[in-house]
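All remarks here apply to the structure that follows.
The values are calculated or read from the model by the stated rules, or taken from the named source; none is laboratory data. As the structure is a prediction and not an experimental result, all values here were calculated from the model. Every residue, glycine as well, gets a Cβ built from its backbone with ideal geometry; the counts of neighbours run over all protein chains shown. These area figures cover heavy atoms from the full protein model, side chains too; ligands, DNA and RNA do not enter into them. Shrake-Rupley method; radii C 1.70, N 1.55, O 1.52, S 1.80 Å.
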Amino acid sequence: MTTADRWRSRLLGVWSGLALLYLFIPIFIVVLYSFNDNKGRFNFTWQGFTLKHWQHPFASPDLTNALQNSLLIALISTIIAVALGTFMALALVRYGFRGRGLADFFVFLPLATPEVVLGASLLGLFLTLHVSTGFATIVIAHVMFTVSYVVVTVKARLEGMDRHIEEAAMDLGATEMTTFRKVTLPMIAPGVASAALLAAAISVDDYVVTSFNAGQTQTFPLYIFGATRQGVPAEVNVLATMLLLAVLALMFVNLMLQRARARRDTRRSAGDPDELTSEIAIELAGASARG
């Protein structure tokens, strides 16, 4: 490596570090100010270190209710979006049908459409159909734009998957449903888990679309926006930090499971090329015996 290459490598490292620092500064501030001993309603200036906000993070009933609404909406919308998005991805990748390109276009359309347009359009639809906005309409709205993220994520996993394993399972007598349960689903499980985490995070975070279709229901982002006029309590920073830690923990578990699976597959490939096919045969034989 020449001197010029070393300097380019160092500059690239410094630039990448500064970019990451720029992205993480808001997160650091949120975590830091959860320990701020603020004297008034506003939590904008550092006034000392304290743990009192962590002792009673659910002291505000309105804040607690808003967080519960956000988590419940995220759970319901993620389950629906993952179920719909996974099968949509399977259809788009594995099957050829008339209008497939158009369906693919409509999957990406919500990703490119501004959230203001999505929120206003959904509100107009609900008002036209005389549907009262509230919890249910928020769930419908969140499913509408999170399902696209699920489809994109699962499609990437499916397109990189070796189809010979599924074909081997079918050659051994497995039906399409058995092959899906025993082979396909376990192989795409990391992609499905990643899509679920992404959909849940987007749902909890969303403000624009939710604000159009919330009615009297208040979510965590809506509460924070409303509280900025009177002073955001430090408990908001505490709950945001707790959510961040929970998401990081889930991401870590998902990463460890993927690494463990990769090591297991590497050992199989190094030991016996036919071992995986043999294991599939054993599983299918057991499933047939139970069926």
Problem set entry | P(r) of the stretch 1-149 over all Cα-Cα pairs, binned every 5 Å from zero, in whole percent | 1, 7, 9, 10, 11, 11, 12, 12, 10, 7, 5, 2, 1, 0
Exercise. Lysines near Lys182 by alpha-carbon distance under 28 Å, same-chain residues fewer than 8 away left out - which ones?
Worked result: Lys155
Exercise. Averaged over all directions, how much area does the convex hull of the C-alpha atoms of the chain cover when projected, in nm²?
Worked result: 23.6 nm²
For this session: Work out, step by step, the length gained on full extension between Met161 and Arg259: first 0.36 nm times the residue separation, then minus their alpha carbon distance; give nm to one decimal.
Result: 33.6 nm
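Diagonalise the Cα gyration tensor of the stretch 58-101 and give the resulting equivalent ellipsoid semi-axes, square root of 5 times each eigenvalue, largest first, whole Å. Working shown, then result.
Values: eigenvalues 301, 12, 5 Å².
Its equivalent ellipsoid spans semi-axes of 39, 8, 5 Å.
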Exercise. For the stretch 99-243, with every protein chain kept in place, what is the accessible area per residue (1.4 Å probe, Å²)?
Worked result: 48 Å²
Problem set entry | Net charge dipole size for the chain [Lys, Arg +1 and Asp, Glu -1 on Cβ; Debye, nearest 20] | 540 debye
For this session: Could you check the simple spin-label distance between Val116 and Thr64, using points 7 Å along Cα→Cβ, in nm with one decimal?
Result: 3.8 nm
Problem set entry | Segment Leu11-Leu109, length gained on full extension (0.36 nm per residue, minus Cα span) | 31.5 nm
